[in-house]
Each structure stands twice: as C-alpha cells, then as structure tokens.
1. Could you work out how far helix 94-125 tilts from the main Cα principal axis of the chain, as a 0 to 90 degree angle to the nearest 10?
2. Over what distance in Å are the Cα centres of segment 76-102 and segment 10-46 separated?
3. Please report the orientation-averaged projected area of segment 83-184, defined via the convex hull of its C-alpha atoms, in nm².
4. Please list 3J(HN,Hα) in residue order for segment 41-58, calculated via the Karplus relation 6.51 cos²θ - 1.76 cosθ + 1.60 where θ = phi - 60°; whole Hz, with x for glycine and proline.
5. What is the percent of Cα-Cα separations in segment 84-140 that go past 17 Å?
6. Any chance you could run the full-extension gain for residue 86 through residue 46? It's 0.36 nm times the residue separation minus the Cα-Cα distance, nm to one decimal.
7. Return the equivalent ellipsoid semi-axes of segment 3-129 as a descending list in whole Å, where each equals the square root of 5 times an eigenvalue of the C-alpha gyration tensor.
8. Any idea of the accessible area per residue across the chain, 1.4 Å probe, to the nearest Å²?
Amino acid sequence: MNYLTNAGSLILDFIFGALVTLFVLRLLAEAFRADFNNPICQFLYRFTNPVLRPVRKVLPSVRRVNTGALLAVFLLECVKWLLIVAMAGIMPNVVGLVVVGLGETLDFFLLTWVVLVFVWSLLSMLSTDRYHPVARLVTSLAEPLVRPLRGRMTLGGLDFSPTVVILGLILGRMLIAAPIKDWGVAMMMGGF
C-alpha cells in the first residue's frame, strides 16, 4: 500500500470505528439493561433508532440481544474492509469479506469490553461521582463480566479480577479474533 492508501484507511477506520462504537454500545446497553434515563443511553438510542427501527421489524431481538444492532456492526465492518481493499485496487473475494467482517465484529466487541473493564476499574480506584452518566453506563456494562470472579482473585486487599478479565479478553482477541481476521484477509486477497 502507498502513503495515500494508508491515510485513507486511517480515515475510514476512524469514521467506521465511531459508527460501530455507537451500535456496539447500544447493543451492550440493551443486553445489560443499562439505565434508559442515562443521557448517554438516550443519545445512543436516539442516534441508532433511525437505522434499527426498520431492521427490528424484520429481525427481532433474541433474548436481550438486539440482532439489528449486531447486523449493523457486521455490515459496517464489511463495508469498511470493502472500501479499504477497493482503495488498494483489489477485487475482494466475498466469502473472505464475510469472514473478515465476522472477525472484525468479534474483535471490536472484545476490545470494547477491554476498554470498559479498564475504565471501570480505574473509576473504582479514583474517587469519582458514582451517579455521573459515564460512570453509571460503564459500571452497568463492565460489572457483569467481572462479577463472577469478584472476591476470588484478591491478594493483600487488592482485587485482581478486572486484570484477569482484561487478560482473558486480550487473549480472546489474539487467539480467536485475529486468526479469523487473518484467514478472511487471506481468502479475500486470493490466497487460502
């Protein structure tokens, strides 16, 4: 890739990353029943509803998972990769594009949880306002991941359960999401 293609892919990563973040947070807020009165949740719902309302008529939620938001994340990741590959002048293999989209979707969810658990543990160490909208949202999204290990990983009064969860999420990115993405990229570029 040349310098212009690298710059273009950086811009695409930023734009699509921002959009994907909104849909991922919407999906997680619904799945973990974040407080709807939170202004951040209201922003997420207001911004994503124009896309998700028509999709919801066709794809209903499964349990508490908004399948429309999941589909939107997957399609955004596929379109991002399609544009990146098109900027390089390569015609992608459709199956490879789908596999890359799946890998990117999984990777983005795992990365989002890494950031949420890290911010949650940082906020718990600092004396912050527990009723701040960001703190309430981060707590409602990160705490369910840490709760099963809470109190079991203590050493000297310190709870290392967030560290173990973050380590597990990073290993998931390295051992599951990255091979799926690499396999998809190889398929997309013509190799196998």
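The values are calculated or read from the model by the stated rules, or taken from the named source; none is laboratory data. All values reported here derive from a predicted model rather than from experimental measurement. We place every Cβ from the backbone using ideal geometry, glycine too, and count neighbours over all the protein chains shown. Just the protein is used for accessible areas: all its heavy atoms, side chains included, with ligands, DNA and RNA removed. Shrake-Rupley method; radii C 1.70, N 1.55, O 1.52, S 1.80 Å.
1. So the helix axis and the longest Cα principal axis differ by about 20 degrees.
2. Going from one Cα centre to the other spans 23 Å.
3. Answer in nm², one decimal: 8.6.
4. My calculation for segment 41-58 gives 5, 4, 4, 4, 5, 5, 6, 8, 4, x, 7, 7, 4, x, 5, 5, 5, 8 Hz in order.
5. The share of Cα pairs beyond 17 Å in segment 84-140 comes to 56 percent.
6. Between residue 86 and residue 46, full extension yields 11.2 nm more.
7. After scaling each eigenvalue by five and taking roots: 28, 20, 13 Å.
8. That works out to 59 Å² per residue.
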